[in-house]
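A.B. asks: The structure under discussion is supplied below as structure tokens; questions concerning it will follow.
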Amino acid sequence: MTGYPEGVFRRRSASAATDSAAAESASPEASEATQPKGYTPKKGVPTPKRRESEPVPRRPVKAPETRKEAYRAYRDRLDRQRSKGVTRSVPGAPKGEDARYYRPQDLSPARAYARDFIDARRSASEFFLPFSILVILLLFVNNPAFQVGVAYVIWPLMMVTIIAEGVFVGRTVKKRATQYFPDDDLLRGIGMYAAMRQLQFRRLRLPKPRLKVGEDPTPKSAR
């Protein structure tokens, strides 16, 4: 007899090993319940940094430096909205038309009539830009007499024609718009509004023309 208690150097039985494994694989809730207050269990992986967890890092928005860059950013935003099917609604814009091209000074029955009046007719003023380019090119012709004729005859004649046509159209539009829409708030300046639209190419006019050349611009309420 050695004096040691029985079972000191004896191997653990299979049941003891099973009990130990079961204790180690106990639920995390039970193990956390035995921990002191304020204990935070380990996650097993390091916490990711903020720049790694964000899908797209935040970047400062750069303001456009020139008017051309601002206009390009505006057009890109409209293209994105158009691709997503989002349209900007403007109070007072005609139904069924693209409201993105309407400014506050366009939203009026009288202004709509002025646009229709200009769009329903041909005028010499709408060819002002290409004619001006042609006059500049003709001044490079190496003929002094021809240059004098272009500079002192053709160019002044074109300017007088455009001014006279603008005055006539402006007065006509203002007179008829006052007759058709006497209570309209945007009657003031409608003559100049029509004359400036007349100077633009038909395809470049905004809002886009609703009538074809030769159609009657008279409002339906006045027919």
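A.B. asks: Based on the Cα atoms of the range 150-203, what semi-axes does the equivalent ellipsoid have, where each is the square root of 5 times one gyration tensor eigenvalue, given in whole Å with the largest first?
C.D. replies: Here the semi-axes work out to 28, 11, 7 Å.
A.B. asks: Let me ask something else. Just check the range 176-218 against the gyration tensor rule for me: Cα atoms, a ≥ b ≥ c as the square roots of the eigenvalues, rounded for a/c under 1.5, and otherwise prolate or oblate depending on whether a/b exceeds b/c.
C.D. replies: The shape class here is oblate.
A.B. asks: If I stretch the segment between Ala222 and Val153 completely, what's the gain in nm (0.36 nm per residue apart, minus their alpha carbon distance), one decimal?
C.D. replies: Value of the extension gain: 20.5 nm.
A.B. asks: Another question, if that's okay. Considering only the other residues whose Cβ falls under 15 Å of the Cβ of Phe181, what net charge follows from Lys and Arg at +1 and Asp and Glu at -1?
C.D. replies: Working: positive: Arg111, Arg115, Lys174, Lys175, Arg176, Arg188, Lys220, Arg223; negative: Asp106, Asp116, Asp183, Asp184, Asp185.
Taking every other residue near Phe181 into account, the sum is +3.
A.B. asks: Say the cut-off is 31 Å between C-alpha atoms; which of Lys174/Lys208; Lys68/Lys175; Lys174/Lys212 go over it?
C.D. replies: Check vs 31 Å cut-off fails for Lys68/Lys175.
Just so you know, all these numbers are worked out from the coordinates, no wet-lab data involved. In this text, all values refer to a predicted model and were calculated from it rather than measured experimentally. Positions of Cβ are generated from backbone atoms using ideal geometry, with glycine treated the same way; all protein chains shown enter the neighbour counts.
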